[in-house]
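S.K.: Right, I'll just put the structure down here and ask away after.
The values are calculated or read from the model by the stated rules, or taken from the named source; none is laboratory data. Please read all numbers here as calculations on a predicted model, not as lab measurements. We place every Cβ from the backbone using ideal geometry, glycine too, and count neighbours over all the protein chains shown. Surface accessibility is based on the protein's heavy atoms, side chains included, excluding ligands, DNA and RNA. Shrake-Rupley method; radii C 1.70, N 1.55, O 1.52, S 1.80 Å.
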Amino acid sequence: MAKRDKKQRTDTEVEAELNGNNGENDDSRSKKKLRKKNKRKEIPTVSMAVPASIIDNVPTLELATRLAGQIARAATIFRINEVIVFDNKGNPDNGSVLDNLDDESGAAFLMRILQYLETPQYLRKALFPMHNSLRFVGLLPPLDAPHHLRKHEWGPYREGVTVKERDSNSGATLVDVGLVKSVIVDQIFEPGRRVTVAMGTDRNLDSDLPRQVVSSSKPSEEGAYWGYQVRYAHNLSSVFKDCAYKGGYDFIVGTSEHGVVIKSSDLELPSFRHLLIAFGGLSGLEESIEEDDNLKAHDTEHIFNLYLNTCPNQGSRTIRTEEAIFISLQYFQEPINRVLQG
């Protein structure tokens, strides 16, 4: 549902440019070296899938909002790149607190709160119209992510929203990036679009020097954590099948009290491009598998590369999903860092 923006220059365009700038007699090895140099580095990503039914089991709108806020905080603290909200049928028999909330499903509610919190505060009014689901978001602690810059802070990149007004001199697009004055960018965009702006080193906002809109993944390519994307899946199998990354998830982990127990320090993850960690609802991932016609005939070992119990010897008979997310993401920190630093 929330796909990444296309990069500004595709690999094909870069290759065409290289071919155009080199004569027919250029050494082919030099061309390959140039192409390799210009090829965009693919940054490993970590995604997590959470069931929408966790919202349906909450008795009040305020508590549902706080639960969504906990998931957003966990995703940000542990540098998650993508959150997938998947529908499952594990809804309570006594109805949901959202039943009379503009007919919004638990999945839509959770996604709205996650997207709202991920958005820098200065962009929210422009990107999110008033909605009943947002009634209690003011009670939530801010994510304070690196792209949530304050007015007095200057960074190499800022998130912004294109505005209706045009620059009076050049007619170029103006972008509100949360500073005292909008900046000019050298591309033409429709108003109301969220963009990532390369701010450069010139801090003079009165300058006519235009800034550049770049791919939303550009800050991540330079090592910064730049928030998470949010995507919807209508069931668990769609989480895997509709992956937004080219080539799909190459390593998938399921979490369950019925999974194998491995110490975090002993867990050896393979080198990955796109890692997915899946969480279950009230009755675990097993229920989500059983309810999915595409998966119910398969054992967990055929669905997941690893099926882990990240909190063995638990004192409570149940661990809530929002608790399991914090426990598990902390558990995976050391194994993931070993892969990324290896």
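S.K.: Using a 1.4 Å probe on the protein chains only, how many percent of the accessible area of the range 270-342 belongs to carbon and sulfur?
M.R.: In the range 270-342, the share of accessible area belonging to carbon and sulfur is 46 percent.
S.K.: Tell me, in nm to one decimal, what length is gained between VAL260 and LYS125 on full extension, where the rule is 0.36 nm per residue of separation less the Cα-Cα distance?
M.R.: 44.0 nm
S.K.: Something else: Using θ = phi - 60° and the Karplus curve 6.51 cos²θ - 1.76 cosθ + 1.60, what whole-Hz ³J(HN,Hα) does each residue of the range 213-227 get, with Gly and Pro shown as x?
M.R.: 7, 10, 4, 5, 8, 4, x, 5, 5, 9, x, 8, 8, 10, x
S.K.: Express the relative contact order of the range 157-222 as a whole percentage, based on alpha carbon pairs under 8 Å and six or more residues apart in sequence.
M.R.: Relative CO of the range 157-222 lands at 32 percent.
S.K.: Grab the beta carbon distance between ASN294 and ASP250, set R0 = 25 Å, and tell me the FRET efficiency rounded to 0.05.
M.R.: It comes to 0.80.
S.K.: Could I ask something else about it? How would you rank 119-125, 281-287, highest first, on the average number of other Cβ atoms within 10 Å across their residues?
M.R.: Packing proxy ranking, top to bottom: 281-287, 119-125.
S.K.: Using a 1.4 Å probe, what is the accessible area per residue for the range 157-222, in Å²?
M.R.: Solvent-accessible surface per residue comes out at 51 Å².
S.K.: Full-extension gain between GLN333 and LEU209, please, as 0.36 nm times their residue separation minus the C-alpha to C-alpha distance.
M.R.: 40.4 nm
S.K.: Can you compute the modelled spin-label distance between ILE43 and GLU153, with each label point 7 Å from Cα toward Cβ, in nm?
M.R.: 1.6 nm
S.K.: Ignoring ligands, DNA and RNA, please state the percent of accessible area on the range 157-222 from carbon and sulfur, probe 1.4 Å.
M.R.: Of all accessible area on the range 157-222, carbon and sulfur atoms account for 47 percent.
S.K.: Taking H placed 1.01 Å from N in the peptide plane, check which residues at least 5 places from PHE86 or on another chain put their amide H under 5 Å from its amide H.
M.R.: Those qualifying (amide H under 5 Å, at least 5 residues apart or on another chain) are VAL50, ALA52, ALA233.
S.K.: Right, something else. Can you work out ³J(HN,Hα) from phi for every residue in the range 122-128, in order, using Karplus 6.51 cos²θ - 1.76 cosθ + 1.60 and θ = phi - 60°, giving whole Hz and x for Gly and Pro?
M.R.: Whole-Hz 3J(HN,Hα) from phi for the range 122-128: 6, 9, 5, 4, 6, 9, 10.
S.K.: Which value, in debye to the nearest 20, gives the size of the charge dipole of the range 157-222 about its Cα centre, when Lys and Arg are +1 and Asp and Glu are -1 at the Cβ?
M.R.: Charge dipole of the range 157-222: 160 debye, to the nearest 20.
S.K.: For GLN341 and HIS302, FRET efficiency with R0 = 30 Å and r from the beta-carbon atoms, rounded to 0.05?
M.R.: After rounding, the FRET efficiency stands at 0.45.
S.K.: Now for a separate question. Can you list residues from other chains, or at least 5 along the same chain, whose modelled amide H is less than 5 Å from the amide H of ASP250?
M.R.: Amide H neighbours of ASP250, under 5 Å, 5+ apart: ARG273, HIS274.
S.K.: Taking 0.36 nm per intervening residue step and subtracting the Cα-Cα distance, what contour gain separates GLU221 from ASN132 on full extension?
M.R.: Gain on stretching GLU221 to ASN132: 28.4 nm.
S.K.: Positive end of the dipole of the range 157-222, charges at C-beta (+1 Lys, Arg; -1 Asp, Glu), about the Cα centre: which of PRO191, PRO219, SER170 has its Cα farthest in that direction?
M.R.: In the range 157-222, that residue is PRO191.
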